[in-house]
Ligand SMILES: Cc1cc2nc3c(=O)[nH]c(=O)nc-3n(C[C@H](O)[C@H](O)[C@H](O)COP(=O)(O)OP(=O)(O)OC[C@H]3O[C@@H](n4cnc5c(N)ncnc54)[C@H](O)[C@@H]3O)c2cc1C
């Protein structure tokens, strides 16, 4: 007979830490982040007004007429505004804005157009994947190309390629990947690896110069043979396949990437089993930790997009209700409409809090821990570029720097800490993206037939926001991950993603 549980997860000791990231951060995180975040939001608003608003609807229609269109013009514009280096640390050639400020930026842009803002945000999905390997020499090498791309006006974007034709949800969790049907294989040859297989639904694939590819040496044992390899567009054996014709986020290409004996030299391997042997955890656990580092930050970003969509829908509905008369009085002065608009506002506010709390957790014990450590944060702000170029850069390229970062970030992170960041990121992801879809539905109820018209934008936000519930792990998967990481704490009987 199964005994009744004695305790709620909320009684469990780590729960206090899990629910107080923001409180703990008040004292520990640099105050300078607030000033920067203000600047970022102001910049986002300016870009939204001047660049995005005039083209949001016409681009969506352009994609309906010509689904093969590639948005180079917009990508060049975003590059001119410096968005592909804004959140790259200064030691890697970027402007070094604090990472949590990106979520506010994505919310702002997402409230206008999720497709266009994906063309900026997805680049950082690949950047954080490189960071999660803590291979400092290679991070420096690739990000210097991004910096040059900004200087020359020829954008250098990155994409992340993990999803395969036979494995979507499965590749998001190391516990699931062995049950999936992965097919993208890396075979060791002299001097490097040969990749064979394909990836699908890769955001920004067709407009990216580098693709951070997750592949496996043994397809029967992927969890223990995972590798992270960068592949450059134009490499021998690499080609683009079809571009998906999808219901929303149309302007951002979802690309198929094909690999046929595509060679990646040893000195470009971001992470493999051999490198992981130097870590405290075994290889499988390190792979799981690395994926968790990625999704703990990227899911906060997707939550911010969901919040943006929820806000876009709210703003549309409010504007409509103010300017429309029903039964002899303005719609906004009907109490039922006020109650619905208040509910929509609440959805935006709660979603925002969920991604903010996740970012606090990431700053305390996740990917941003080192870079937001106060002395380092301020040092990297003021250190002259000449010191970076002539003193810091040569140090970055030493193997010992990668070793130190892996000791601090990989070995130094406790299991409770990575459960906290991963659990909160999942909570934020489904909270924000469900709120996006919910608010779109409510906006359409308030707006009636007007909401269905393409020129009112509400139907576009609904089409776009539905996709957010699917990528970065479906919302079902994220619910299960929250259950695994936080809700089931302290119950040794519970098994998630495995049989009892
Ligand atoms: C617009 C868009 C952009 C994308 N961009 C990228 C990108 O840049 N890079 C990239 O690598 N991928 C990208 N993806 C792929 C995305 O990450 C996957 O679609 C996602 O992980 C879900 O996988 P799937 O679509 O194969 O669904 P499936 O895995 O086939 O899932 C189908 C259903 O089964 C459920 N399910 C599956 N497994 C389990 C389980 N073990 N337990 C419970 N329920 C389960 C799911 O929740 C879902 O409801 C993108 C997808 C979209 C739609």
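All of the numbers you see were taken from the coordinates with simple rules; none came from a lab. Bear in mind the structure is a predicted one, so any value in this text is a computation, not a measurement. Here Cβ is always computed from backbone atoms with ideal geometry, including for glycine, and neighbour counts include all displayed protein chains.
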Computed [θ] at 222 nm, helices only, for the chain once each DSSP H run of length n ≥ 4 contributes -39500 (n - 2.57): -16000 deg cm²/dmol
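What translational diffusion coefficient, in µm²/s and rounded to a whole number, does the Stokes-Einstein relation yield for the chain at 37 °C and a viscosity of 0.692 mPa s, taking the hydrodynamic radius as the Kirkwood radius over Cα pairs?
140
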Residue 445-residue 260 pseudo-label distance in nm [points 7 Å out on the Cα-to-Cβ vector]: 5.3
Expected-Rg normalisation [2.2 N^0.38 Å, Cα atoms] applied to the stretch 220-273: 1.44
Ranked by how many other beta carbons lie within 10 Å on average, peptides 146-156, 226-236 from highest: 226-236, 146-156
Nearest-ten-degree value, helix 458-468 long axis tilted from longest Cα axis of the chain: 20
Label point at residue 57 placed 7 Å out along Cα→Cβ; residues across the stretch 89-123 whose backbone nitrogen lies under 15 Å: 112-113
Gyration tensor (alpha-carbon) shape descriptor, the stretch 159-276, a/c threshold 1.5: oblate
Rounded to 10°, Cα long-axis angle of helix 114-133 versus longest principal axis of the chain: 20
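Rank by packing, highest mean first: peptides 363-370, 408-415, with packing defined as the count of other Cβ atoms within 10 Å averaged across residues.
Highest-to-lowest ranking by the protection proxy: 363-370, 408-415.
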Theoretical gain in end-to-end length, residue 383 to residue 179 [0.36 nm per residue, Cα-Cα removed]: 68.6 nm
Fully extended contour minus Cα-Cα distance, from residue 343 to residue 65, at 0.36 nm per residue: 96.4 nm
Kirkwood Rh, Cα atoms: Rg over Rh of the stretch 428-500: 1.21
Nearest-ten-degree value, helix 415-447 long axis tilted from longest Cα axis of the chain: 30
Cα pair distances exceeding 13 angstrom across the stretch 310-358, given as percent: 58
Two-site FRET efficiency, residue 327 against residue 190, from Cβ-Cβ distance with R₀ of 56 Å, rounded to 0.05: 0.10
Modelled FRET efficiency - R0 51 Å, residue 336 with residue 376, Cβ distances, 0.05 increments: 0.45
Global form of the stretch 239-360, assessed from the alpha-carbon gyration tensor, a/c cut-off 1.5: oblate
Linear extension gain, residue 169 paired with residue 244, 0.36 nm per residue minus alpha-carbon span: 25.2 nm
For the stretch 447-500 and the stretch 126-151, distance of Cα centres in Å: 30
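Rounded if a/c is under 1.5, else prolate if a/b is larger than b/c, else oblate: which is the stretch 53-134, with a ≥ b ≥ c the root eigenvalues of its Cα gyration tensor?
Judged from the Cα gyration tensor, the stretch 53-134 comes out prolate (a/c at least 1.5, a/b above b/c).
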Spherically averaged projected area in nm², based on the convex hull that wraps the Cα atoms of the stretch 361-448: 9.1
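Sorting check: for 29-36, 267-274, which peptide has the highest mean count of neighbouring beta carbons within 10 Å, and how do the rest follow?
Packing proxy ranking, top to bottom: 267-274, 29-36.
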